[in-house]
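The values are calculated or read from the model by the stated rules, or taken from the named source; none is laboratory data. Values in this document were obtained by computation on a predicted structure and should not be read as measured data. Reconstructed Cβ throughout: ideal geometry from the backbone, glycine too, with neighbour counts over all protein chains shown. For accessibility, only protein heavy atoms count, side chains too; no ligands or nucleic acids. Shrake-Rupley method; radii C 1.70, N 1.55, O 1.52, S 1.80 Å.
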Amino acid sequence: MADIVIERAHQLGLAGAREVARRWMRKAEEAYGLECRYVEGADGDQAAFTREGVDGRVEVGADRLRLEATLGFLFAAFSGQIEQRLASSLDELLAGAAPA
C-alpha cells in the first residue's frame, strides 16, 4: 500500500501529460537523487522512480496523472512534508503546461 497518493486531472492530452511527467522526473532526479524509468504505451505511460527509502510510480494518462510512493522507515515520519513537496512540484508543472 502506498504511503503517498497524488492524483491530478488535466486537459493536456497524452502528449502534453508525457511532457509534464518527463519534466517532473528530470526535476526529481536532480533534486532528490531518484533513479527514474519511463515506458510509453499506446493509451498511457508508466514511470517508476526509486532511491534508498523511496519507491514509486507515476501513471500518465490523457486526462489524469497519478503518483504513488512508498516510503521506507526513515522517510515515513516525513510523509506529510514529502507529499506536499511532490504535489507542489507536480501542480507547478501542470499549471505551466499548455492544454492539448
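For the reader, a short list of remarks on this structure follows.
- Put I6, I82 in order of accessible area, highest first, and with a 1.4 Å probe you get I82, I6.
- Residue among E29, E52, E68 with the largest mean-square fluctuation in a Gaussian network model of the chain, springs linking Cα atoms under 10 Å: E52
- For the chain, the share of accessible area belonging to carbon and sulfur comes to 51 percent (1.4 Å probe, ligands and nucleic acids excluded).
- Accessible area per residue, Å², region 55-100 with all protein chains present, probe 1.4 Å: 59 Å²
- On Cα atoms only, tilt of 13-32 relative to the major axis of the chain in degrees: 30 degrees
- Extending 7 Å from Cα along the Cβ direction at E19 and again at A77 yields two label points whose distance is 4.2 nm.
- Coarse-grained scattering of the chain at q = 0.13, 0.17, 0.24 Å⁻¹, given as base-10 log I(q)/I(0) from a Debye sum over alpha-carbon atoms: -0.41, -0.70, -1.36
- The angle between the Cα long axis of helix 79-96 and the longest principal axis of the Cα atoms of the chain comes to about 20 degrees, rounded to the nearest 10.
- Cα gyration tensor category, rounded, prolate or oblate, for region 42-100 with a/c compared to 1.5: oblate
- Environment charge of G72, counting only residues whose C-beta is closer than 9 Å and scoring Lys/Arg +1, Asp/Glu -1: -2
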